[in-house]
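Derivation of every value follows stated rules applied to the coordinates shown; laboratory data play no part. Only a predicted model underlies this, so the values are computations on that prediction, with no experimental measurement involved. In this analysis, Cβ positions are derived from the backbone assuming ideal geometry, glycine residues included, and neighbour counts consider all displayed protein chains.
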Amino acid sequence: MSDPAAPRFATDPATAAYYQQRAAEYDDWYLGTGVFADRDRPGWAAEVERLTVLLAHLTSRRTLDVACGSGFLTRHLPGQLTAVDQSPAMVAITRGRVPDATVLTADALRLPFPDGAFERVFSGHFYGHLPAGERDRFLTEARRVASELVIVDTARRPDTPSQRWDERVLNDGSRHRVFKRFLTAAELAEEIDGEIILDGAWFVAAGSVRR
């Protein structure tokens, strides 16, 4: 029997509802607007720019973006794009933002694609929310549908633990609890058996290729 107190993310209905509600304001985090307007994040905007340039200069691949959110990063990925998210509101935003991509509502842990359907799986700010069991399922699915995997997530800073429950406050004042892990670039690369792509103050990225 599963432990009801164990952290969940991809399979948690409350988390799904939170991201559906957050869709319209999701970009505030990247842009420093809304509830993020008063946060002190030195070098944040420059590192967001650095990240998007890095993604734009990846080798063009037939790519699946898993948990694409609002498509903020999706639009910078080169190649033929398919993107999925569990939130219909996020999917609608990404469809408008990346009109040449195929964007679908789908379960990240049960991807509706055949083996080897893509050359690359990309995922931004999803992996770090997954507890161990869901991480394993996601990595298995990602490697099933593509030989290459690129993951972007939040860097572990000196003032953050390796994991915690975050309280998230939306613009309407509603409060939500979300499980979050914070990784160094080396830890992320080791977990996916890959190499460091970005080791920043705010973001980390790693990539791996199954031979």
Heads up, region 1-114 by the C-alpha gyration tensor (a ≥ b ≥ c square roots of eigenvalues; a/c under 1.5 rounded, else a/b over b/c prolate, else oblate) looks oblate
Long-range Cα-Cα pairs in the chain (distance over 25 Å), rounded percent: 34 percent
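Fully extended, how many nm does the chain gain between A14 and I196 (0.36 nm per residue separation, minus their Cα-Cα distance)? Provide the component values of the computation, followed by the final result.
Working: separation 182, 0.36 × 182 = 65.52 nm, distance 3.26 nm.
So the chain would gain 62.3 nm between A14 and I196.
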Each label sits 7 Å from Cα toward the beta-carbon; between E49 and S147 the label points are separated, in nm, by 3.7 nm
How big is the Kirkwood radius of region 92-211, worked out from every pair of different alpha carbons and given in Å to one decimal? 15.7 Å
Residue by residue through region 44-60, which ³J(HN,Hα) values in whole Hz follow from phi under the Karplus form 6.51 cos²θ - 1.76 cosθ + 1.60 (θ = phi - 60°), with glycine and proline marked x? 4, 4, 5, 6, 4, 4, 4, 5, 5, 5, 4, 5, 5, 9, 5, 4, 4
Sum of side-chain charges, T140 neighbourhood, beta-carbon under 11 Å (Lys, Arg +1; Asp, Glu -1): +2
What is the calculated FRET efficiency for T59 to A24, with r their C-beta to C-beta distance and R₀ = 41 Å, to the nearest 0.05? 0.80
